[in-house]
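Step one of this worksheet: look at the structure below.
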Amino acid sequence: MAPPSAATRRKLQRKFRLRGFTLKVDALEEASAFLERFPDAEDDALDLLLDELDKEPLQSSILDRDAVRRVVALLVEAEEAVDAASPAVTSARSALRVVDAFLVPRFHYDPIKKVFYEHTGRLAIHGEAGDKASLYRDRYQVLLQRLSRDKYFSKPAFDTVVAEDSSCEITSIQSLIGCTGRRWIMGVISQLEERQFYLEDLTGAVPIDLSNAKITSGFFVENTVIVAEGELLSNGIFQVNTCGFPPLEDREASLSLLMGLDFFGGGVIPTEETLRLSSLEKKAVNDMFVILSDVWLDNPETMEKLAVVLDGYDGVEVVPSLFVLMGNFCSRPCNLAFNSFEELRLLFGKLGEMIAARSRLKEHSRFLFVPGPDDAGPSKALPRCALPKYLIEELQKHIPNAIFVSNPCRVKFYTQEIVFLRQDLLYRMRRSCLIPPTTEETSDPFEHLVATITHQSHLCPLPLTVQPIIWNYDHCLRLYPTPHTIVLGDKSEQKAFKYTGITCFNPGSFANDSTFAAYRPCTKEVELSALEG
């Protein structure tokens, strides 16, 4: 590779700097080599390269050779696909945008001005005490501002003959003192003293008695925000009669109030572009995502089953546009006692060989890797960063455009927003439950789980002692505004459930049950599949 000329070097550095990138020397050479392929259209090629880099889940604005090479491989492949007269492949590729959790913008709510504003500046991984407090405050305020627009809980503009009993207006906990009769309060369930639960809002805390409460669907665990109706007794305890989660708000209603703010992290799209993408999305009837959870690379039986799945999809008329492989990628936890990292690295290499051997999948499908709760990484806290570079280098030699991303992660397909989480959430939710879930509407635990996370607008509303969360990155787990689809990789049995227009499903454990799922974004249909035998 010939070194770039001084003029090319200056041009590249200037253009990349304008987009907020800094090039290392090896990355500069890689970009220069890409431009040499297009002697008559250098500027267009450079703009295309920068546009694609913008879509990548980059960990840093300082680009090394690997980051540029990954995008170059993708563009060269797309160019070859066009030459082979298959423009559909290119459009599907450019429609897909993966967002790493650590790149999701953070917003704070200002209750005085009633607006969200974006946090600027760096977010420390190791937060201070105040960051833990703001984690709860931010969660609470997102739900409170949503509730304040609900017709049942908002105060009437002309408060004329509204009887006190019929008003569902929220009373702050501080204002309960001296109040008699039925009141509605909203707060976080906290255990401030052993075996005594409190409801806490921004003004104070009150001990609660949930023993005779009538509840709605969902798992009521410590840390969840509830809306409770009841009465303050003379002993200072708030006797709860009925309680439930804050009501949901329609996605479009949330978006109209956010005035173009990008909560999802996929970039703000102008209205005209949204309409164009929406029409393309409706036409993308052949696009399909295949999701597998618990792909144990060290288990020969699992790898044989994976070969069967890949062979099956390699033979269909239109191959899936995306394969999502979620951890755990090893049958035993990659903890301090794990001493087979070299072996695991080679197993990832074998997986790369397996995919590369299916030429149609290698050419036309993308592969997305999401780490599991027991995979190698710096900690068990959510969000988890992508798999370590050391483990995946062998695989990347065979599949250079494979995407390694955080857990959870987000995918934007045309206009559709999809959230992926790999965590054994159902078991922990059931264990942490303070009240047995109601069976009035459903007795299905997965449906209770979906109700909990959607109403809480949060992927993991468990106590931090049960599931640690990086305090400054709690916003990465928010589900506000509600996405179109939520994929919950869990070792429990596979399930799919459509709740208030949100498609939620668990592909099941591929290693244990041979189950996986196929999702068609065009129709939002989920096909739960399993290998026989």
message = I need the full set of residues from the stretch 215-231 which are open to solvent by 40 Å² or more (accessible area, probe 1.4 Å) and without any contact (Cβ under 8 Å) to a residue 60 or more places away in the chain, in order please.
response = E231
remark   = Result of the Cβ filter at 6 Å on the stretch 54-66, keeping first residues that are under 19 Å from A33 (Cβ atoms) and partners that are surrounded by fewer than 17 Cβ atoms within 10 Å (Cβ to Cβ), at least 6 apart or interchain, is D64/K24; R65/D26
query = Do we have any residue at all in the stretch 295-308 that's among the small types (G, A, S) and surrounded by 18 or more Cβ atoms within 10 Å (Cβ to Cβ)?
reply = no
task = Determine if the stretch 177-198 includes at least one residue that is more than 17 Å from P463 (Cβ to Cβ), in contact with a Lys or Arg (Cβ under 6 Å, 6 or more places away or on another chain) and among the polar types (S, T, N, Q).
result = no
query = Of all residues in the stretch 327-348, which are open to solvent by less than 80 Å² (accessible area, probe 1.4 Å) and either within 22 Å of K397 (Cβ to Cβ) or in a helix (DSSP H, G or I) (or both)?
reply = G327, F329, C330, C334, S340, F341, L344, R345, L347, F348
query = Cβ-Cβ below 8 Å, separation at least six or inter-chain, first residue in the stretch 298-310 and within 19 Å of D374 (Cβ to Cβ) and without any contact (Cβ under 8 Å) to a residue 60 or more places away in the chain, second assigned to a helix (DSSP H, G or I) and open to solvent by less than 10 Å² (accessible area, probe 1.4 Å): which pairs?
reply = D298/L344; M303/L351
key: Options L280, L261, L202, L292: the member that is open to solvent by 40 Å² or more (accessible area, probe 1.4 Å), of a type in the set (A, V, I, L, M, F, W, C) and not in a loop (DSSP other than H, G, I, E, B)   = L280
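Being assigned to a strand (DSSP E or B) and farther than 20 Å from R410 by Cβ is the filter here, so list the residues in the stretch 480-496 that pass it.
Restricting attention to the stretch 480-496, the residues satisfying the condition of being assigned to a strand (DSSP E or B) are 485-489, 495-496.
If the condition is that a residue be assigned to a strand (DSSP E or B) and farther than 20 Å from R410 by Cβ, then K495 is the only one that fits.
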note = If we keep only residues of the stretch 267-287 that are free of Cβ contacts under 8 Å to residues at least 40 places away in the same chain and not basic (K, R), then the residue nearest to P521 (Cα to Cα) is S279
note = Within the stretch 507-533, residues under 13 Å from I418 (Cα atoms) and open to solvent by less than 20 Å² (accessible area, probe 1.4 Å) come out as Y519, P521
note = Screening S234, S254 for residues that are modelled with pLDDT under 95 and open to solvent by less than 30 Å² (accessible area, probe 1.4 Å) leaves only S254
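Among the residues of the stretch 92-110, are any closer than 23 Å to L50 by Cβ, at pLDDT below 60 and either among the hydrophobic types (A, V, I, L, M, F, W, C) or surrounded by fewer than 16 Cβ atoms within 10 Å (Cβ to Cβ) (or both)?
Step one: filter the stretch 92-110 for residues closer than 23 Å to L50 by Cβ, giving 92-100, 102-105.
The next check asks that each one be at pLDDT below 60; those that pass are 92-93.
So of that shortlist, the ones also either among the hydrophobic types (A, V, I, L, M, F, W, C) or surrounded by fewer than 16 Cβ atoms within 10 Å (Cβ to Cβ) (or both) come out as 92.
Yes, some residue in the stretch 92-110 is closer than 23 Å to L50 by Cβ, at pLDDT below 60 and either among the hydrophobic types (A, V, I, L, M, F, W, C) or surrounded by fewer than 16 Cβ atoms within 10 Å (Cβ to Cβ) (or both).
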key: Restricting the stretch 12-53 to residues that are without any contact (Cβ under 8 Å) to a residue 12 or more places away in the chain, over 18 Å from L74 (Cβ atoms) and not hydrophobic (A, V, I, L, M, F, W, C), the residue that is surrounded by the most Cβ atoms within 10 Å (Cβ to Cβ)   = E42
remark   = Among residues of the stretch 170-182 being of a type outside the set (S, T, Y) and within 36 Å of the chain's Cα centre (by Cα), the residue surrounded by the fewest Cβ atoms within 10 Å (Cβ to Cβ) is Q174
request  = Kindly list, by first and then second residue, each pair from a residue in the stretch 421-440 that is outside any strand (DSSP E or B) to a residue that is surrounded by fewer than 16 Cβ atoms within 10 Å (Cβ to Cβ) and at pLDDT 95 or above, limited to pairs with Cβ atoms under 6 Å and residues at least 6 apart or on different chains.
outcome  = R428/V466; S432/V466
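Does V82 count as open to solvent by less than 50 Å² (accessible area, probe 1.4 Å) and either more than 30 Å from I170 (Cβ to Cβ) or modelled with pLDDT of 90 or more (or both)? Let's see the steps before the verdict.
Working: open to solvent by less than 50 Å² (accessible area, probe 1.4 Å): no; either more than 30 Å from I170 (Cβ to Cβ) or modelled with pLDDT of 90 or more (or both): yes.
For V82, the condition - open to solvent by less than 50 Å² (accessible area, probe 1.4 Å) and either more than 30 Å from I170 (Cβ to Cβ) or modelled with pLDDT of 90 or more (or both) - is not met.
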request  = Determine whether A376 is out of contact with any Lys or Arg (no Cβ under 9 Å at 6 or more places or on another chain), surrounded by 17 or more Cβ atoms within 10 Å (Cβ to Cβ) and among the small types (G, A, S).
outcome  = yes
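The values are calculated or read from the model by the stated rules, or taken from the named source; none is laboratory data. It should be emphasised that the depicted structure is a prediction, and the values quoted were computed from it without experimental measurement. FYI the Cβ positions are ideal-geometry reconstructions off the backbone, even for glycines, and counts take in every protein chain you see. Just the protein is used for accessible areas: all its heavy atoms, side chains included, with ligands, DNA and RNA removed. Shrake-Rupley method; radii C 1.70, N 1.55, O 1.52, S 1.80 Å.
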